[in-house]
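As structure tokens, the structure follows; a few thoughts come after it.
The values are calculated or read from the model by the stated rules, or taken from the named source; none is laboratory data. These figures come from a predicted structure and were not determined experimentally. Cβ sites come from the backbone with ideal geometry, for glycine too, and all protein chains shown count toward neighbours. These accessible areas exclude ligands, DNA and RNA; they are computed on the full protein's heavy atoms, side chains included. Shrake-Rupley method; radii C 1.70, N 1.55, O 1.52, S 1.80 Å.
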Amino acid sequence: MNNKPVAVITGASRGIGKSVAISLASEGFDIAAIARSLDSEGMKILGKEVEKRGAEFFPIGLDISCTSCHKEVVSNILERYGRIDFLVNNAGVAPLQRNDLLEMTEESYDRVMNINLKGPVFFAQKIAKEMIWLGQKFSDYNPVIVFVTSVSATLSSTNRTEYCVSKAGLSMASTVFSDRLSKEGIKVFEVRPGIIRTDMTVKVKDKYDKMINEGLVPQKRWGLPEDIGKAVASIARGDWDFSTGMVFEISGGLNIHKL
Ligand SMILES: NC(=O)c1ccc[n+]([C@@H]2O[C@H](COP(=O)([O-])OP(=O)(O)OC[C@H]3O[C@@H](n4cnc5c(N)ncnc54)[C@H](OP(=O)(O)O)[C@@H]3O)[C@@H](O)[C@H]2O)c1
């Protein structure tokens, strides 16, 4: 068994996932980094950043929506390290086009739901089973699963219905996983980002610049991937050991309901 704990991060090549992977490498984890493509510039840069922090980097190509591919990926990680301590279900997509609810297509709905909800749920199920088995074998083992959802789990956007529905579903998945897995010694957390400056929000940068300036976000700034990386690092350090099923909303106060 690997002498360092091992973190698996989906959607690690860019944005939030990349920052989370770097933070976990700094916290002493070896990193199994998942993205659709192994060869992207993002994965190469991440590999260097991880190794700079003295951690091992294991890049894996996987489309998270391919549930029949999960088994082989999990086996490969276990073959290499003999353990998985920390899973961050981060991979996710926005709809290819923002269409009004009344124009939403079944194709777009299925794409978003398969990547944002079905894929992460079954990937987490597979890894949870391995974590239970590892927990029976090893005494010094503190497994954690994190689901990266979105403020869209509770905020309505009528031109991104499928995204909001997928994140609301993933939020409930996080609750049910935490409920079922607490007796297995596995802690589960939901990390719910607000408006974060990444490739995902490039297309709507001007719109959000304006809305943020006008006070939509109480802290009056964009979130950065590092804001999410820091929160996940805090979970990984064990700062929240007497908690599970908790939601970390990292949105500069977007969660505040105002009159
Ligand atoms: N940015 C925001 O404002 C914001 C706010 C709330 C929540 N979130 C959530 O945070 C997570 C990360 O978002 P981000 O802004 O960092 O996005 P991003 O910059 O677009 O990065 C998305 C990541 O997910 C990976 N990915 C996409 N589809 C995948 C698939 N089918 N299988 C495996 N990996 C896949 C991408 O890999 P490739 O490089 O291989 O494509 C990439 O690493 C998402 O779940 C998103 O919904 C983002």
Residue within region 207-223 that is under 16 Å from the mean Cα position of the chain (by Cα) and among the basic types (K, R) present: no
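For (1) open to solvent by less than 20 Å² (accessible area, probe 1.4 Å); (2) outside any loop (DSSP other than H, G, I, E, B); (3) farther than 23 Å from V112 by Cβ, each residue gets a yes or a no:
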| position | (1), (2), (3) |
| --- | --- |
| A12 | yes, no, no |
| G17 | yes, yes, no |
| A21 | yes, yes, yes |
| G28 | no, no, yes |
| L38 | no, no, yes |
| I45 | no, yes, yes |
| E49 | no, yes, yes |
| S65 | no, no, no |
| H70 | yes, yes, no |
Answer residue from region 84-124, given it is of a type in the set (S, T, Y) and assigned to a helix (DSSP H, G or I) and is most open to solvent (accessible area, probe 1.4 Å) among those: Y109
Candidates S174, S234 - the one that is away from the ligand (no atom under 13 Å from the Cβ) and closer than 22 Å to A12 by Cα: S234
Inter-residue pairs, beta-carbon under 7 Å, first without any contact (Cβ under 8 Å) to a residue 40 or more places away in the chain and in region 168-183, second hydrophobic (A, V, I, L, M, F, W, C), 6+ apart: A168/A153
Which numbered condition G215 fails, given (1) on the phi > 0 side of the Ramachandran plot; (2) within 16 Å of the ligand (Cβ to nearest atom): (2)
All positions within region 55-65 that are among the acidic types (D, E) and within 14 Å of the ligand (Cβ to nearest atom): D63
Filtered residues of region 177-205 (kept if open to solvent by 70 Å² or more (accessible area, probe 1.4 Å) and near the ligand (Cβ under 9 Å from one of its atoms)): R197, D199, M200, V202
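The rows are residues; the columns are (1) aliphatic (A, V, I, L, M); (2) within 9 Å of the ligand (Cβ to nearest atom).
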position: V8; (1), (2): yes, no
position: I16; (1), (2): yes, yes
position: E49; (1), (2): no, no
position: R53; (1), (2): no, no
position: T67; (1), (2): no, no
position: V74; (1), (2): yes, no
position: E79; (1), (2): no, no
position: D85; (1), (2): no, no
Residues of region 146-162 satisfying the condition of being more than 7 Å from the ligand (Cβ to nearest atom) and either assigned to a strand (DSSP E or B) or closer than 15 Å to R111 by Cα (or both): V146, F147, R160, T161, E162
Region 78-98 residues that are within 23 Å of S171 (Cβ to Cβ), paired with ones that are assigned to a loop (DSSP other than H, G, I, E, B) and of a type outside the set (S, T, Y) (beta carbon under 6 Å, 6 or more apart): N90/G11; A91/G11; A91/I64; P95/R160; R98/N159; R98/R160
Set V191, V176, V217: member being modelled with pLDDT of 95 or more, aliphatic (A, V, I, L, M) and part of a strand (DSSP E or B): V191
Where a residue in region 120-147 is farther than 20 Å from G92 by Cα and its partner, wherever it lies, is among the hydroxyl-bearing types (S, T, Y), with Cβ under 6 Å and at least six apart: L134/Y141; G135/Y141
Filter result for the condition that a residue is in contact (Cβ under 8 Å) with a residue 40 or more places away in the chain and within 12 Å of the ligand (Cβ to nearest atom), over I34, I45: I34
